[in-house]
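What follows is a set of notes on a single structure, which appears directly below.
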Amino acid sequence: MEKKTALYEEHVAAGGKMVPFAGYLLPVEYAAGLVKEHTAVRSTCGLFDVSHMGEVFFSGEGAVETLNALMTNEISTMPVGGCRYSPMCNAQGGTVDDVIVYRLGEESFLVVVNAANREKDVAWMKANRGEATHVEDRSDAYGQLALHGPLAAEVLAKLADPAGLPARSYTFTDQVDVDGVSCLVSRTGYTGEDGFELYFAAEKAPLLWNALLAAGEPQGILPCGLGARDTLRFEASMPLYGHEMDETITPLEAGLGFAVKMGKASFIGKVALEGEPPARTRVGLEVTGRGIIREHAPVTFEGRVIGATTSGTYCPTLSKACAMALVEAGSVALGDEVSAEVRGREVAARVVKMPFYQRNKD
């Protein structure tokens, strides 16, 4: 049976269409619909319930060494108050999960994991922890909200002291008073827009949810569901676990080399990644034919199947359909015309640069 976040009743009351996802019942969209929710995040502000994500805490004298062995990214150089994205690999170089690491103190960290991988991740982390490292899964005690969009900072500043909010991307401030609720507030997200993620005691979720919606009403804030979260991350070409990466796909194949520090002395999977160059690579496709190319569609170039799509959808901001694909390394270049098989027919597409959408940071 699926779990419910502390906001389940709020979602139902707001007209949320509830669906099973990663072991939870969550809204795929609300009455406004996916496109309006998506557009609100791109133009004003949107609010997401992401309380299904997992929160795993590391502490002890061995915490840095353990995390540096578990993560492909460099953990030892992280400052307190910093966040760092990192894949986590198995011995074969495949991706166990992609996570965000928060450094709470010199010997204490929070690792946020994907909901569907929570139990697997915790077991993996505990099995591979070093000495003097304590690992604790506190996911059920935490709620998490994501407030994203160009007006997110303006909305949050109505409920919290602006001076106490993180000013730079991938930083956080702990114990921020947001409308009377103590929160860890990070400048992170999964939409391609500026915004914040708030972590707090799970029972405070309804209070914060309603306070943020009320504060953002003049700015046109909308509650947003899983559907808009996916189209937003897709436009920004952000990988999704189970699609662009899994335990058979390496971070290098997924295009995440920026978060793989081969100069580190060691990490799980490093030996495998040091072997042959990646056999596959993630590419972006712009659909030039009729239709939408979803995941698992074989991709053909010059009469030969070179790979398959991993995600695909219509991009509301761009008014066109796109897809991402995992193909043989070196098989295509930007501008090449390919096709994908969709329900027995070939749909034309062109290899294009990613991300498909990038916000103006001026």
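Every read-out reported here was derived from the displayed coordinates using simple, explicitly stated rules and does not represent laboratory data. None of these values were measured; they are calculated from a predicted model. Don't worry about glycine lacking a Cβ; one is built from the backbone with ideal geometry, like all the others, and counts go over all protein chains shown.
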So if I place +1 on the C-beta of Lys and Arg and -1 on the C-beta of Asp and Glu, and nothing else carries charge, what would the dipole magnitude of the chain be about its Cα centre? I want it in debye, nearest 20. 820
Scalar couplings 3J(HN,Hα) for segment 42-54 by Karplus 6.51 cos²θ - 1.76 cosθ + 1.60 (θ = phi - 60°), nearest whole Hz, x for Gly and Pro, are 6, 10, 10, 6, x, 10, 10, 8, 10, 5, 6, 5, x
Whole-Hz ³J(HN,Hα) for each residue in segment 131-137, computed from phi via Karplus 6.51 cos²θ - 1.76 cosθ + 1.60 with θ = phi - 60°, x for glycine and proline: what do you get? 5, 6, 10, 9, 10, 9, 8
Once you order the gyration tensor axes a ≥ b ≥ c over the Cα atoms, which shape class does segment 15-112 get: rounded for a/c under 1.5, otherwise prolate or oblate by comparing a/b with b/c? prolate
Estimated distance in nm for a label pair at ARG168 and ARG294, the labels positioned 7 Å out from Cα along Cα-to-Cβ: 4.3
Burial ranking of peptide ranges 38-50, 1-13, 251-263, 226-238 (average Cβ count within 10 Å, highest at the top): 38-50, 226-238, 251-263, 1-13
I need the shape label for segment 207-303. Rule: rounded when a/c is under 1.5, else prolate if a/b > b/c, else oblate, with a, b, c from the alpha carbon gyration tensor. oblate
If you average the alpha carbon positions of segment 155-230 and of segment 281-346, how far apart do those two centres end up, in angstrom? 35
Segment 279-352, relative contact order [Cα under 8 Å, separation at least 6], %: 40
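Suppose R0 equals 25 Å; then what is the FRET efficiency for ALA272 and GLU131 from their Cβ-Cβ distance, rounded to the nearest 0.05? Don't skip to the answer; put the middle values down first.
Values: r = 25 Å, r/R0 = 0.99.
The formula returns an efficiency of 0.50 here.
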Please provide three numbers in whole Å: the alpha-carbon extents of the chain along the principal axes, with the largest listed first. 62, 51, 46
Below 28 Å, Cα to Cα, which lysines can LYS204 reach? Residues fewer than 8 away in the same chain don't count. LYS3, LYS4, LYS17, LYS36, LYS120, LYS158
Using amide H atoms built 1.01 Å from N in the peptide plane, name the residues 5+ places from LEU240, or on other chains, whose amide H lies under 5 Å from its own. MET245
For segment 238-255, Karplus couplings with θ = phi - 60° (6.51, -1.76, 1.60), whole Hz, Gly/Pro x: 7, x, 10, 4, x, 10, 7, 7, 6, 6, 9, 10, 7, x, 5, 5, 7, x
Straight-line reach from LYS270: which aspartates and glutamates have Cα under 19 Å away, leaving out those fewer than 8 places along the same chain? GLU65, GLU74, ASP97, ASP98, ASP121, ASP246, GLU247, GLU253
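Per residue, what volume in Å³ does the convex hull of the Cα atoms of segment 279-352 enclose?
Values: hull volume 5.6 nm³, N = 74.
Residue-normalised Cα hull volume stands at 76 Å³.
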Hey, can you grab everything whose amide H is under 5 Å from the amide H of CYS89? Only 5+ residues off in sequence or another chain; H modelled, so Pro and N-termini drop out. THR72, VAL96
